[in-house]
Amino acid sequence: MKEKISNLLTGSPCNHVLYSYHDRKRYLENAMAYILEGIETGDSVVLIENERNLNELLNRLNDLLTSKQLKKIHVISNFDFYQSSGSYHPPAIYEQLTKSINPFLENDISFRSWTNVEWGRLEDPAPIIEWFEKETDKAVHEHNLTIVCAYEAARMPDHLEEALKKSHGHVMSDEDIVPSTVYS
């Protein structure tokens, strides 16, 4: 999978990837491959992740990277990121995204982002998430960004996954990355 991630990222200056994952172990392996590939190519990495996964990823990264390389990884709790306004509110989340990436954009620092999207107990997140992902896709193309948006497949309704394929140029699974056939 590392080679597929590398090929995708060298093929285009901007990528918006939907990752619908089934297997947490494979998810963590793919996140590691994405982060390490970024560090190897000189990128900084904005890692928006839940606490459980953060602990495991950072423990692994501490064993593999130098302190200088570790400083290129910018960690944000996905709970804090998505609940910054007290609830899952798309404009507030988009503002949080803007605040998170502006220092990189303003200082011309190459970076990529890995985001584990979780919405807590929200009953039907589809309209909110669709709006946010469409806005994110605009930012991806406006600023030539590379962002992976990961969703746990078991928690994502089929209609949401199909809608998200329209705002992501690529679709990733635990084993593969392919162009979205319905990306608009």
How many residues, within region 33-60, are surrounded by fewer than 15 Cβ atoms within 10 Å (Cβ to Cβ) and of a type in the set (Gly, Ala, Ser)?
1
Where in region 139-184 are there strands (runs of 3 or more DSSP E), lying wholly inside it, with at least 1 residues that are more than 15 Å from the chain's Cα centre (by Cα) and modelled with pLDDT under 95?
177-179
Residue among Ala163, Ala154, Ala139, Ala150 that alone is within 17 Å of Ile5 (Cβ to Cβ) and either surrounded by fewer than 17 Cβ atoms within 10 Å (Cβ to Cβ) or of a type in the set (A, V, I, L, M) (or both)
Ala150
Tell me which of these Lys99 doesn't satisfy, since it passes every other one: (1) within 19 Å of Ser77 (Cβ to Cβ); (2) in contact with a strand residue (DSSP E or B) (Cβ under 6 Å, 6 or more places away or on another chain); (3) among the charged types (D, E, K, R).
(2)
What pairs can you find where one residue is in region 98-121 and on the phi > 0 side of the Ramachandran plot, the other is among the hydroxyl-bearing types (Ser, Thr, Tyr) and at pLDDT below 90, and their Cβ atoms are less than 8 Å apart, with a gap of 6+ or different chains?
Gly120/Tyr82; Gly120/Tyr88
(1) over 16 Å from the mean Cα position of the chain (by Cα); (2) part of a helix (DSSP H, G or I): which one isn't true of Ile39, the others all being true?
(1)
Tally up the residues in region 15-32 that are buried (at least 16 other Cβ atoms within 10 Å of the Cβ) and either closer than 13 Å to Asp176 by Cα or in contact (Cβ under 8 Å) with a residue 40 or more places away in the chain (or both), please.
10
Counting only residues that are among the acidic types (Asp, Glu) and closer than 18 Å to Ile48 by Cα, which one in region 1-37 is modelled with the highest pLDDT?
Glu29
Select the helices (runs of 4 or more DSSP H) contained entirely in region 43-103, then report the ones holding at least 2 residues which are in contact with a helix residue (DSSP H, G or I) (Cβ under 7 Å, 6 or more places away or on another chain), closer than 21 Å to Lys25 by Cα and modelled with pLDDT of 95 or more.
51-64
Restricting the search to region 91-135, which residues are more than 18 Å from Arg155 (Cβ to Cβ) and of a type in the set (Val, Ile, Thr)?
Thr98, Ile101, Ile109
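The values are calculated or read from the model by the stated rules, or taken from the named source; none is laboratory data. These numbers come from a predicted model, not from an experiment. Reconstructed Cβ throughout: ideal geometry from the backbone, glycine too, with neighbour counts over all protein chains shown.
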